[in-house]
């Protein structure tokens, strides 16, 4: 028996991405040049979100991994899209919400991608993220 509605089956997985990183690697990169690192990788809203954390490094690493995973799910990787063209913020009940901008949005539209879902986690010494791009 088929339980899927026509609307649900109209969306398809267009790509997947995963990334894992050592939290210490992000901590070192931040400590070398804090402002440069933050401004290069994260949007102002992401920086604000990280700033409220007592220890931001695990979340910072997970967010970094999520951006890598999103770029992979889009099918282009970092280089075709910029770090700050993917914004990942806590949504309702803490679920991450991905917003694409600039070249990332253009790329997604060109390839029929309507959105990206992401899941992030961290447990010292690693942070990990998985992304799924969906569309028509």
Problem set entry | Residue selected from segment 1-52 under the condition in a loop (DSSP other than H, G, I, E, B) and modelled with pLDDT of 95 or more, by the criterion farthest from residue 99 (Cα to Cα) | 33
For this session: Only one of these is under 21 Å from residue 132 (Cβ atoms) and surrounded by fewer than 15 Cβ atoms within 10 Å (Cβ to Cβ): 12, 28, 36. Name it.
Result: 12
For this session: Can you tell me which residue within segment 80-118, out of those that are surrounded by 15 or more Cβ atoms within 10 Å (Cβ to Cβ) and touching a residue at least 40 places away in the same chain (Cβ under 8 Å), is farthest from residue 46 (Cα to Cα)?
Result: 113
Exercise. Are any residues in segment 85-114 at positive phi and out of contact with any helix residue (DSSP H, G or I) (no Cβ under 8 Å at 6 or more places or on another chain), and if so, which ones?
Worked result: 93, 94, 112
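The values are calculated or read from the model by the stated rules, or taken from the named source; none is laboratory data. Bear in mind the structure is a predicted one, so any value in this text is a computation, not a measurement. Don't worry about glycine lacking a Cβ; one is built from the backbone with ideal geometry, like all the others, and counts go over all protein chains shown.
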